[in-house]
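All remarks here apply to the structure that follows.
The values are calculated or read from the model by the stated rules, or taken from the named source; none is laboratory data. Bear in mind the structure is a predicted one, so any value in this text is a computation, not a measurement. As a convention, Cβ positions derive from the backbone with ideal geometry for all residues, glycine included, and neighbour counts pool all protein chains shown. Each accessible area value is taken on the protein alone, full model and side chains, heavy atoms only, with ligands, DNA and RNA left out. Shrake-Rupley method; radii C 1.70, N 1.55, O 1.52, S 1.80 Å.
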Amino acid sequence: MLKGQSKQVGERAANWSLMVFSIGGRMLAARTEDVGGILPWAGSMAVPSRTPYVHALVRNGEAVLPVFDLAEMLQLHVQGAPMCLVAKRQDGPMAICIDEAMPKLVTVESTALYPPVQPDPNILWQCQLDGVAVPIYAFSHLATPTVTTS
Amino acid sequence: MSLRGQTKSVAGAGATERMLVVTSGPVNLAISATAVEGILPPEEAGAKGPVMVREITYPVTNLAQKLGHSSAAGATDPRIILCGSRGAHRGFRVDQVLGLTEVAISLLSPLPPHFTGEERRWFKGYFLYHEGVALWADSDWLVAPDPGGGSLEPPADAARITVEHAKPAGEIIELEVVDAERTK
């Protein structure tokens, strides 16, 4: 990266590989490097909690992940038999319950990225897919105090 | 008056913690056996108000209320668990007692760092329990008065429960050792 060049510009210089999924029928995306995998939803176990959107654990074999309720944050309801998207947040992986529809891998040219109309620290950029504006969520710092508008 | 032989011990797989696992609504809660002073049988579980056992008065509330959720509708095997820690005593109505469990300390995990609120003080951690997980309650938090919940001073009309009806958990529940060897 050139001296003085912002990280954002550097990131935009290449194509973006995205994982496109849906919650409540709404298309959302995240960078593939921020996604740890897609699993069947194993059912969550409630944890009394005051942390926003984090009120459960989900178990897959010996592994236990905290559940981040992205549907609650977006005020949506997951549709169909849910799937589990493992998001790589900076403080560790977490499970996000998503719609039944299998996520897709999509590559988007950096020139197709544009900022969201309403600034949202959880959204990196938006892009158009099939004529629909799709927000690209910043899983690495989703809903964290250190969230920034990079 | 705590459970017999319930203290931390050193077994072949290392130190262990003995815990009573109960359900309240959707939550499996593990209570250190050192803090469990008795379990009232089903016929006493419907007792209204505080109960007195061995001259100790236990204000009784639903554990679900303490945990801030709803109790399971139509719990088929409710019990009252009598708890005590550092001189404070409370009784909790639970949906079901799942068992007495001995867990290797090495198998106890702290809550993931994603949990950043007061719950970090409420729960010392969790462990794998059967097909799910059980949350390990902090004993001091468990018996402490609820914020805004009023005084837990024992009223004079506490129902007296005979000692025979308030058996320690170890006398009515078989001990289960949770995979103490699974430390490698």
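At the nearest 100 Å², what buried accessible area, both sides summed, do you get for A and B when the probe is 1.4 Å? Spell out each step's value before the answer.
Numbers: alone 8360 and 9340 Å², together 15930 Å².
It comes to approximately 1800 Å² buried between A and B.
How well do other chains shield peptide A:49-60, expressed as the mean number of their Cβ atoms within 10 Å of each residue Cβ?
Numbers: counts 11, 8, 8, 2, 1, 7, 3, 1, 8, 2, 6, 0.
Mean number of neighbouring Cβ atoms from other chains: 5.
Report the convex hull volume per residue for region A:15-141, counting only C-alpha atoms, in Å³. Please list the in-between numbers first.
Working: hull volume 14.0 nm³, N = 127.
Residue-normalised Cα hull volume stands at 110 Å³.
Once Rh is set to the Kirkwood radius over Cα pairs, what Stokes-Einstein translational diffusion coefficient, in µm²/s, holds for region B:21-94 at a temperature of 20 °C and a viscosity of 1.002 mPa s? The partial results should precede the final answer.
Working: Rh = 12.4 Å.
Calculated translational D: 172 µm²/s.
Work out how much length A:Glu33 to A:His77 would gain on full extension: take 0.36 nm times their residue separation and subtract the Cα-Cα distance, in nm to one decimal. Mind dumping the intermediate values first?
Numbers: separation 44, 0.36 × 44 = 15.84 nm, distance 2.56 nm.
Computed gain between A:Glu33 and A:His77 is 13.3 nm.
Checking a compactness column here: for region A:38-100, what do you get for Rg(Cα) / (2.2 N^0.38 Å), N being the number of residues?
Numbers: Rg = 11.0 Å, N = 63, 2.2 N^0.38 = 10.6 Å.
Its radius of gyration relative to the 2.2 N^0.38 Å reference: 1.03.
So how much accessible area does A:Leu113 have, in Å² to the nearest 10, using a 1.4 Å probe?
Taking all protein chains as shown, A:Leu113 has close to 10 Å².
Given a 10 angstrom Cα cut-off, can you work out which residue in A:Gln79, A:Gln118, A:Gln128 is the most mobile in a GNM of chain A?
Maximum fluctuation in the GNM of chain A, among the listed residues, is at A:Gln118.
Please check chain A for the longest run free of GluC sites (Glu not before Pro) that are loop-located per DSSP (anything but H, G, I, E, B) and have at most 12 other Cβ atoms within 10 Å.
Working: sites that count: A:Glu62, A:Glu100, A:Glu109.
Counting only loop sites that pass the neighbour cut-off, the longest clear stretch is A:1-61.
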